[in-house]
Amino acid sequence: MRIGGRGSLRRTWLTRTCAASLFLGASGVGCGSSGGGSDAAPIQAVRGYVVSSFGYVYPEHAGDTCPGGFNRGAIEMRLDGETPIPDDCNEPQVHSDPGFKTLQASGDFPGMDLDGLSSSVSAPLAGECPHEDFSSPGGDGGLDYQLWRAIGCVRGFQQGEIADIVVGGAVRDGSMTILLEVSDMDAELDDEQVSVRVFASTEKPPTGSDGEGLPFATLTVHADPRYHSTTGAGSMSDGVIVAGPMDLRLRLNIQIVEGDLTFSNAYVRMEPMADGSVSGVILGYQAIDEVYEIFGRQAGQAGAEALSYTCTGLWSALQSQADGEYDPRTGMCSSISVAYRFTAIPAFVVQQ
C-alpha cells in the first residue's frame, strides 16, 4: 500500500503538517527543511485531492440562450392543455418530439479544443460531424462541449436546478466520490512535466457540521481498476495544471440512477485557490449511448418529467449534436464532448 504516491513517511508527514497549517491559516509553524535553517517548505512531489463539488459547466452567453423557451415534458404539456406526445424511454427512436429545442446560442467557457478543429455547422470540415464550437473567455474559438447544446434548453439541467443539486450532493454523500492525484512535481508554480490520475472511491468523504468537506482525509481508491484512470501527462504554468489525454471512469449512483460516466480523450485542468483547494474542469468524450442510458432508460419517465424533457427528444438531440468518434461509413458520430466543473480539497489518496 502506498499513501499519496512516492516519498518517505517523514516527508509525507512533514508535507501534511505544513500543508494543513497553511490551509487552515495557522501561523508560526516551522515548515522548513530539517537542516540549514531554511524556511522554505519542501516541494510536495505528490498531491492528493477529493472532489467537494461537481457538475456541468455552464457557458456564459449574451442575450437569451433559448429564445423559444425551455423544452417541455409531459407535465408541462398537460398544464398547457395538450395531450403529451407518445414517449417510450426504452425505445426512444420509435417516436419523435418535433418541438424539442437544442441550444444554438454562442457562448464561452474555460474549456479546451479537444479535436484540434475549429468547427462550424455552416462549414463542417472533412471527417467531422457538423457542430458549432464554443469560445474561451479570452476569445479563443474551437472549444468542444456539445452535450450542453443537447441539454442546454432543458430546465432541469440549468444551474441550481434538480440535476445540479442531485449530482452536487452525490460527491459529498459517498455516492460519487472522486479522487485526484497529481505527481512528478518538482516545482511549486511552473513545471514542464507533471502527471494526473483520477480515481473513483466507495468511501464517503468526511464533512463538518456545515456539510462541507473536511481537508486532509485519507481515502482509498476503488478496488476495481476500471475506476482508475490512465495517467495524463501534463505541465504546470503559474500553478495551473493541464494534463491529458487520459481515459477515465467515474461511478454514478444517485437516487434512481446507477451507472458510470466513462470519458475518452479526457483532459483535466485545475488551478490553485487561496485556501489550498483547487478548481477545475474535466473534459472529454462520452458515448451518447451511455448518456442516454442514464437520463433515458434508467431515469425513465419519472426523470424526464422531473427535469422537463421527453426521452425521444433527448435521444434525437444527442444523436444530432454528437461530435466524437466519427464513422466515415455512416457520417455519424457515436460520442459527444462533455465538460464538468469541480472543486477539490486536499486529501490523502491511498492505493492498495
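Sorting Ile288, Ile282 on the 10 Å Cβ count, fewest up front, what's the list?
Arranged by neighbour count, lowest to highest, Ile288, Ile282 become Ile288, Ile282.
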Extended-chain gain in nm, criterion 0.36 nm per residue less alpha-carbon gap, Asp224 and Glu188
9.7 nm
Please find the FRET efficiency linking Asp238 to Asp289, where r is the Cβ-Cβ separation and R0 is fixed at 35 Å, and quote it to the nearest 0.05.
0.35
Counting other beta carbons within 10 Å of each residue's own, what order do His131, His228, His61 fall into, fewest first?
His61, His228, His131
Looks like the range 51-168, by Cα gyration tensor root eigenvalues a ≥ b ≥ c and the a/c under 1.5 rounded cutoff (else prolate when a/b is bigger than b/c, oblate otherwise), is prolate
For an R0 of 25 angstrom, estimate the FRET efficiency from the Cβ-Cβ distance between Ser209 and Asp275 and round to the nearest 0.05.
0.85
Length released on extending from Gln255 to Glu82, taking residue separation times 0.36 nm less the Cα-Cα span
59.3 nm
Between the range 241-286 and the range 181-237, how far is it from one alpha carbon centroid to the other, in angstrom?
10
How are the alpha carbon pair distances in the chain distributed across 10 Å bins from zero to the largest one, expressed in percent?
5, 23, 31, 23, 12, 5, 1, 0
For a footprinting-style exposure proxy, rank Val166, Val268 by other Cβ within 10 Å, fewest first.
Val166, Val268
May I ask for the longest run of the chain untouched by trypsin sites (Lys or Arg not before Pro) that are loop-located per DSSP and have at most 16 neighbouring C-beta atoms (other than their own) within 10 Å?
7-328
For the chain, share of DSSP beta bridges that run antiparallel, in % to the nearest 5:
95
Is the range 262-342 best put as rounded, prolate or oblate by its Cα gyration tensor, with a ≥ b ≥ c the root eigenvalues, rounded for a/c under 1.5, and otherwise prolate when a/b is larger than b/c, oblate when not?
oblate
Length-normalised contact order of the range 50-351, Cα under 8 Å, at least 6 apart, in percent, tallies to 25
Between Thr330 and Ala302, what length in nm is gained on full extension when 0.36 nm per residue of separation is reduced by their alpha carbon distance?
6.7 nm
Checked against the positive end of the charge dipole of the chain (+1 on Cβ of Lys and Arg, -1 on Cβ of Asp and Glu, about the Cα centre), the farthest of Ile75, Thr310, Tyr285 is Tyr285
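FYI, it's all coordinate maths here, none of it is from the lab. Bear in mind that the values here come from a model prediction, so they are computed numbers and not experimental data. Counting neighbours? That spans all protein chains shown, and the Cβs are built from the backbone with ideal geometry, glycine included.
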